[in-house]
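Below is one structure, written out as structure tokens; the observations come after it.
The values are calculated or read from the model by the stated rules, or taken from the named source; none is laboratory data. Since the model is a prediction, treat every value here as computed from it, not as a measurement. Counting neighbours? That spans all protein chains shown, and the Cβs are built from the backbone with ideal geometry, glycine included. Surface areas here come from the heavy atoms of the whole protein model, side chains and all, with no ligands, DNA or RNA. Shrake-Rupley method; radii C 1.70, N 1.55, O 1.52, S 1.80 Å.
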Amino acid sequence: MSGIGEGELINLYKKLFEFYGKQNWWPVDYEYHTLYKTDPREEIIIGAILTQNISWRNVEKALENLKKAKALSFEGIGKIPLDKLKELIKSSGFYKQKAVYLKNFVEIFRSIDDLKNISREELLKVKGIGRETADVILLYALDRLSFVVDTYTKRLLIRLWNIEGSYEEIKKLFEENLPKDLEIYKEFHALIDVHCKKFCRKKPVCKDCPIADICSFYSR
DNA sequence: GCCCAGGGCACTG
DNA sequence: CAGTGCCATGGG
């Protein structure tokens, strides 16, 4: 699948970090959680489900609605009626199934503590939790060394080095060639997304791209 | 009006 | 295991 090693990925990381700076993902409203004594990690998981194949802008509106309803927590999600939940998260698209996913999730896991010893395989059994969402939960909410792959990551690897692979293959590629460091895992995924939104879009914008010098697509 | 966005499920071959 | 249809809103 690939012919790159540790050097290339670290180099990519350094270049992106240098250009964009620290991203501090996952975004969370700590003031809200301090005020209502809820756990910010639960917001990460709720957001991870809401953002499936939807722009973050649409998710932010849904999160705001949940805050106003004091429902941005597992307990809060569990308390509000399903129909009410659907209304609140409507802006995040696919809202009927996402509402069911959320309800089901907080039914299984009553609080963040119930996830303390969860494995990736167990998470993947939960309806609505696929590979990417599971890895987001593991990395950003539970501080586990599980690299997150998304469509941006795949697109970038194809453009940069013409590397294609399944989700698990790409995930392995990163995990085998990066230092086992939580901050690097978190920031790298965030940087890839930020970069792909700005430059490496579906229709690539190569002008002024900060990593054009290491990109095989650019030199074609 | 068209395209796309921080995927996942169910079903098919 | 890979491919496809479906889910649905909102901004560019």
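General remarks:
- Here the translational diffusion coefficient of region A:30-141 follows from Stokes-Einstein with Rh set to the Kirkwood radius across Cα pairs; for 37 °C and 0.692 mPa s it amounts to 238 µm²/s.
- Within region A:116-220, GluC sites (Glu not before Pro) in DSSP loop having at most 13 other beta-carbon neighbours inside 10 Å: A:E164
- Rg(Cα) / (2.2 N^0.38 Å) computed for region A:51-95, rounded to two decimals: 1.05
- For chain A, alpha-carbon Rg and Dmax in angstrom: 18.2, 55
- Set of aspartates and glutamates with alpha-carbon distance to A:K116 below 13 Å, sequence-local pairs under 8 removed: A:E42, A:D143
- When the helices of chain A are scored as -39500 (n - 2.57) per DSSP H run of n ≥ 4 and the total is divided over every residue, the value at 222 nm lands at -16500 deg cm²/dmol.
- When the solvent-accessible area of region A:30-141 is split by element, carbon and sulfur atoms take up 49 percent of it, the probe being 1.4 Å.
- Residues A:E64 and A:E168, FRET efficiency given R0 of 41 Å [Cβ-Cβ distance, rounded to 0.05]: 0.70
- Violating pairs (Cα-Cα greater than 32 angstrom) within the set A:K14/A:K98; A:K67/A:K172; A:K15/A:K125; A:K84/A:K198; A:K98/A:K154; A:K171/A:K202: A:K14/A:K98; A:K67/A:K172; A:K15/A:K125; A:K84/A:K198
- At a probe radius of 1.4 angstrom, the accessible area of chain A per residue rounds to 52 square angstrom.
- Two-site FRET efficiency, A:D83 against A:S55, from Cβ-Cβ distance with R₀ of 25 Å, rounded to 0.05: 0.50
- If you take the alpha carbon atoms of region A:92-220 and fit the smallest convex hull around them, that volume is 126 Å³ per residue.
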